[in-house]
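Asks: Got a structure here, written out as structure tokens. Questions coming.
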Amino acid sequence: MAGNHKVAIYARVSTDEQTVDPQLRDLREYAANRGWRDVQEFVDVGVSGAKDSRPAWNRLWDAIQKGRVKVLFVHALDRLGRSLPHLVKILSTLVERDVVLVSFRENIDLSTSTGRMVAGLFSVLADYELSIIRERTKAGMRAARARGSQIGPKKRPFDADKATRLRDQGWGQIRIARELGVGVGRVNRWVKEEYVPPDRRTSR
């Protein structure tokens, strides 16, 4: 990579008691040794990597989307995100935008064939992790059903008397559903199959 690339350094610590100084010191020295001159720093302090929205990261991501960054330089991959699927999503976008990711601690450089191989491995591992999570979720639901536990939120009983009063007052199905805390589909079925308008009730 030539020295005229637009390089973004991203540093982050999770708490206000921590400091980004060690990260920045290593990254600045490495950037100087690589001949990177057009370097901009983005720093988040007291922000967890589990959060998608981070002040400095948001500005950096916007610059990446607009093509203003060609190299993203971090001290470690966990500075970008805490979960493997989240990290793979970031890597995929960087590849699409032709942005090279360099990680100091892991010695990963996506401009090299080895770096691209590592990125591909991350993608495979992320898919594997998601498949395990899905299978564990399904297994938990099956076990809950076997115990007779209800899956999902409890259904609220449909108050037909109250629904009738509201409908008689001219309330629409959506408004009734919100008032009763039930789905609109349930109210629609009730109106179609059970509700009797006042004029028809009095004529009986």
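Asks: Given 0.36 nm per residue, what is the gain on full extension from Arg25 to Asp52 after removing their alpha carbon distance, in nm? Can you show the working numbers first?
Replies: Numbers: separation 27, 0.36 × 27 = 9.72 nm, distance 2.55 nm.
Going from the current span to full extension adds 7.2 nm.
Asks: What are the aspartates and glutamates whose alpha-carbon lies under 12 Å from the alpha-carbon of Lys66, with same-chain residues fewer than 8 places away excluded?
Replies: Correct list for Lys66: Asp98.
Asks: Then there's this: Quickly work out the Asn33-to-Gln65 label distance, labels modelled 7 Å from Cα along the C-beta direction, and quote it in nm with one decimal.
Replies: With each label placed 7 Å out from Cα toward Cβ, I get 3.5 nm.
Asks: Work out, in µm²/s and without decimals, the Stokes-Einstein translational diffusion coefficient of the range 160-202 at 20 °C, 1.002 mPa s, Rh from Kirkwood over C-alpha pairs. Write down the numbers at each step before the final one.
Replies: Numbers: Rh = 10.3 Å.
Estimated via Stokes-Einstein, D reaches 209 µm²/s.
Asks: Multiplying the sequence separation of Ser113 and Ile174 by 0.36 nm and subtracting their Cα-Cα distance, what value in nm do you get?
Replies: Details: separation 61, 0.36 × 61 = 21.96 nm, distance 5.68 nm.
So the chain would gain 16.3 nm between Ser113 and Ile174.
Asks: Taking the radius of gyration and the Kirkwood hydrodynamic radius from Cα positions alone, what is the Rg/Rh ratio for the range 7-125, to two decimal places?
Replies: Working: Rg = 13.3 Å, Rh = 14.4 Å.
Rg/Rh: 0.93.
Asks: Something else about it: Any idea how far the Cα center of the range 81-109 sits from the one of the range 8-40, in Å?
Replies: About 16 Å separates the Cα centre of the range 81-109 from the one of the range 8-40.
Quick note: the coordinates plus some simple rules give every number you see, no bench work behind them. This is a predicted model, so every value here is computed, not measured. Every residue, glycine among them, receives a Cβ derived from its backbone with ideal geometry; neighbour counts consider all protein chains shown.
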